[in-house]
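Undergrad: Sharing a structure with you now.
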Amino acid sequence: MSEFLGSAPDGAPYAELWLGAHPTGPATAETPNGPEQLDRVISGDTPRYLGEDVTSRFGQLPYLVKLLAPARPLSMQVHPNRQMAIAGYQEEERRGIPLDDPQRSFKDEHNKPEMVYAITYFEGLVGFRAREEIALLLQTVAGPLRPASDALCQSPGEQGMQSTLEQMLELNALQVKEVLETTTKLADTHANPTIRAACSTVNELSRLYPQDIGAVISLMLNKVQLQPGQLVFLGDGVPHAYLGGFGLEVMGNSDNVLRLGLTTKHIDVPSMLKALDFNSSGFAVETAPSDQITHVFEPATPEYALSITRPHLAVGGTTTLPGHGPRVLVCLSGQVTTTTAASNAETVTRGQSLFVSAEEPAIQVTGCGSLAQIFVPTH
């Protein structure tokens, strides 16, 4: 993170940099009046900064951008859909649970579909494996996982998947230890590469999170490995855990996180089970072609889209960014200069970012580098 931002490391962990207007961690905007929190800038003149369309549809900047650099696996988690977020937030407000209470599950009324664009190699656990693959893994490990395996075989569809996870969540420390003894052997000796790889992941996670049930639950999840320029999208209800690497994360403007494991924080099991989409499986990776001037990632969510632009590939070295409305620009490499009709030219180097208001017309960019733009798609 420090290398990317061009700052000197101070020895403290630096895993996330938030670039957005969420009230729990707003970015600082350099304005003509000096530094101001971005959420306050926007609320001071919402029609100007967000535009009528985004204001009427969302009432806030609908996305949050993060630079993400996990040195060790982050918590295994899932995000609720919008209806569940509203109900959960209002119920915890009614009960008077402070927002900073460690037992609080819902921090706002918004859902949090998210995606990760790999700046360097990036890996994580994303989505449930195919049912047949989960069954194979559970049957092979067996031992304390037999009840989970039986639950999957006895109940079809979503109920079987949920029952399997519930059985795993009931494992005690001795049973987890027994599972790890088996996965350690299988990772070295089994002939099936899928089984070896899945058991190796369990073992790696258990070394970092001893006796944590999340390591065992990883048997149910896919491992995704992104090369620079690749992206994976996670809709509401998709379980995931980011394991390592450096990436640009774009998500709905929410801080609602329900954890499954790999954490010392509060695990709200009933809410987590309700939030999970047990019908979902697999994941899709999209790649930005390295020879394309601009590539747009537009996932199946109304809150945001992402464009990656390399202006030096354009004829004359100048191109116009797609999209409009409130935009966050992040320079991913080199140096890029942005120009609009309503403002002076702004030059950003790797690690620097700009917020562009909805009143600004099209943005022209020049320079030798790559620029990420997060914007609200038109639907």
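The values are calculated or read from the model by the stated rules, or taken from the named source; none is laboratory data. Computed from a predicted model, the values in this text were never measured in an experiment. Neighbour counts are summed over all protein chains in view; Cβ atoms, including those assigned to glycine, are modelled from backbone coordinates with ideal geometry. We work out accessible area using only protein heavy atoms, side chains counted, and drop any ligands, DNA or RNA first. Shrake-Rupley method; radii C 1.70, N 1.55, O 1.52, S 1.80 Å.
Undergrad: Determine whether the stretch 198-205 contains at least one residue that is closer than 19 Å to Gln139 by Cα and open to solvent by 70 Å² or more (accessible area, probe 1.4 Å). Talk me through it step by step, then tell me what you get.
TA: First, pick out the residues of the stretch 198-205 that are closer than 19 Å to Gln139 by Cα: 198-203.
Those still in the list that are open to solvent by 70 Å² or more (accessible area, probe 1.4 Å) too: none.
Checked against the condition, which is being closer than 19 Å to Gln139 by Cα and open to solvent by 70 Å² or more (accessible area, probe 1.4 Å), the stretch 198-205 yields no hits at all.
Undergrad: Would you tally the residues in the stretch 9-32 being over 15 Å from the mean Cα position of the chain (by Cα), in a strand (DSSP E or B) and modelled with pLDDT of 90 or more?
TA: Here the count works out to 3.
Undergrad: Moving on. Answer yes if at least one residue in the stretch 101-123 is among the aliphatic types (A, V, I, L, M) and either touching a Cys at 6+ places or on another chain (Cβ under 9 Å) or modelled with pLDDT under 95 (or both), and no otherwise.
TA: no
Undergrad: Turning to a different aspect of this structure: Being in a helix (DSSP H, G or I), open to solvent by 20 Å² or more (accessible area, probe 1.4 Å), farther than 26 Å from His79 by Cβ and touching a residue at least 40 places away in the same chain (Cβ under 8 Å) is true for just one of Leu145, Leu136, Leu180, Leu174. Which residue is that?
TA: Result of the check over Leu145, Leu136, Leu180, Leu174: Leu136.
Undergrad: Find the residue count for the stretch 326-348, including only residues that are more than 20 Å from Ile308 (Cβ to Cβ) and in contact with a strand residue (DSSP E or B) (Cβ under 7 Å, 6 or more places away or on another chain).
TA: The qualifying residues number 1.
Undergrad: May I ask you to list the residues in the stretch 136-163 that are touching a helix residue (DSSP H, G or I) at 6+ places or on another chain (Cβ under 6 Å) and farther than 23 Å from Pro193 by Cβ?
TA: Residues satisfying the conditions are Pro144, Pro147, Ala151, Ser155, Gly160, Ser163.
Undergrad: How do the pairs read when you match residues in the stretch 271-291 that are open to solvent by 50 Å² or more (accessible area, probe 1.4 Å) with residues anywhere that are of a type in the set (Asp, Glu) and part of a loop (DSSP other than H, G, I, E, B), using Cβ under 8 Å and keeping only pairs 6 or more apart or on different chains?
TA: Asp277/Asp236
Undergrad: Have a look at Ala241, Ala300 and point out the one that is open to solvent by 10 Å² or more (accessible area, probe 1.4 Å) and either in contact (Cβ under 8 Å) with a residue 60 or more places away in the chain or not hydroxyl-bearing (Ser, Thr, Tyr) (or both).
TA: Unique residue meeting the criteria: Ala300.
Undergrad: So which residues in the stretch 337-360 are without any contact (Cβ under 8 Å) to a residue 40 or more places away in the chain, under 15 Å from His324 (Cβ atoms) and open to solvent by 60 Å² or more (accessible area, probe 1.4 Å), if there are any at all?
TA: Across the stretch 337-360, the qualifying residues are Ala341, Ala342.
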